[in-house]
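Data block below; observations after.
The values are calculated or read from the model by the stated rules, or taken from the named source; none is laboratory data. In this text the structure is predicted, and so the values were computed from the model without any measurement. Using ideal geometry, Cβ is built from the backbone for each residue, glycine included, and neighbour counts are taken over all protein chains shown.
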């Protein structure tokens, strides 16, 4: 079920991500996916929030079981690959390579007085190019049409990760 932006408990999601950093479950995080794109563009429908994180636990599971357990103790529910907060799906995605670089270089913001980070538009575009679904190509087009992009930064990221933008 898609959500209107006003119905998304984003402040609670960001507060929880900050708590995970404070409790050393994760080293850092940034809002990614459609909600990150919405920060820069006209609103679009989204089904979940993506929190990309740099793991404190460098084992294969990146500490995800401990993160899930901690959030479940705070009344979050698990449904397939999502954690649900107030019935809104949230994915915690362990960052590596391009996504880790994106988190490390994310923009600091405040949302409803809560400090947070959101991926830079150039990284949103590069990640979308790396995933390559139809909706990712639509996101790239929207970002290029609506956002002032640092072309040199985008070209550098695309070159270093051997990515190409889709042809129009």
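Among all residue pairs at least 6 apart or on different chains, which show Cβ distances below 7 Å where the first residue, located in the range 1-25, is at positive phi and surrounded by 14 or more Cβ atoms within 10 Å (Cβ to Cβ) and the second is assigned to a helix (DSSP H, G or I) and at pLDDT 95 or above?
Partner pairs satisfying both residue conditions: none exist.
Answer yes if at least one residue in the range 74-86 is within 30 Å of residue 146 (Cα to Cα), in contact with a strand residue (DSSP E or B) (Cβ under 8 Å, 6 or more places away or on another chain) and surrounded by 15 or more Cβ atoms within 10 Å (Cβ to Cβ), and no otherwise.
Checking the range 74-86: at least one residue is within 30 Å of residue 146 (Cα to Cα), in contact with a strand residue (DSSP E or B) (Cβ under 8 Å, 6 or more places away or on another chain) and surrounded by 15 or more Cβ atoms within 10 Å (Cβ to Cβ).
Which number in (1) at pLDDT 95 or above; (2) over 20 Å from residue 34 (Cβ atoms); (3) not in a strand (DSSP E or B) marks the one condition that residue 115 misses?
It is condition (3) that residue 115 fails.
Results for (1) within 19 Å of the chain's Cα centre (by Cα); (2) within 20 Å of residue 160 (Cβ to Cβ), shown as yes or no for each residue.
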position	(1), (2)
62	yes, no
70	no, no
74	no, no
99	yes, yes
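Working carefully through the options 125, 149, 140, find the one that is touching a residue at least 12 places away in the same chain (Cβ under 8 Å) and more than 16 Å from the chain's Cα centre (by Cα). If you could, list the steps in order and put the result at the bottom.
Values: 125 fails: more than 16 Å from the chain's Cα centre (by Cα); 140 fails: more than 16 Å from the chain's Cα centre (by Cα).
The match here is 149.
Could you tell me whether any residue of the range 34-48 is buried (at least 16 other Cβ atoms within 10 Å of the Cβ) and more than 30 Å from residue 161 (Cα to Cα)?
No, that holds for no residue.
Residue by residue, here is whether (1) at pLDDT below 95; (2) surrounded by 15 or more Cβ atoms within 10 Å (Cβ to Cβ) holds:
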residue: 97; (1), (2): no, no
residue: 102; (1), (2): no, yes
residue: 138; (1), (2): yes, no
residue: 151; (1), (2): no, no
residue: 158; (1), (2): no, yes
residue: 162; (1), (2): no, no
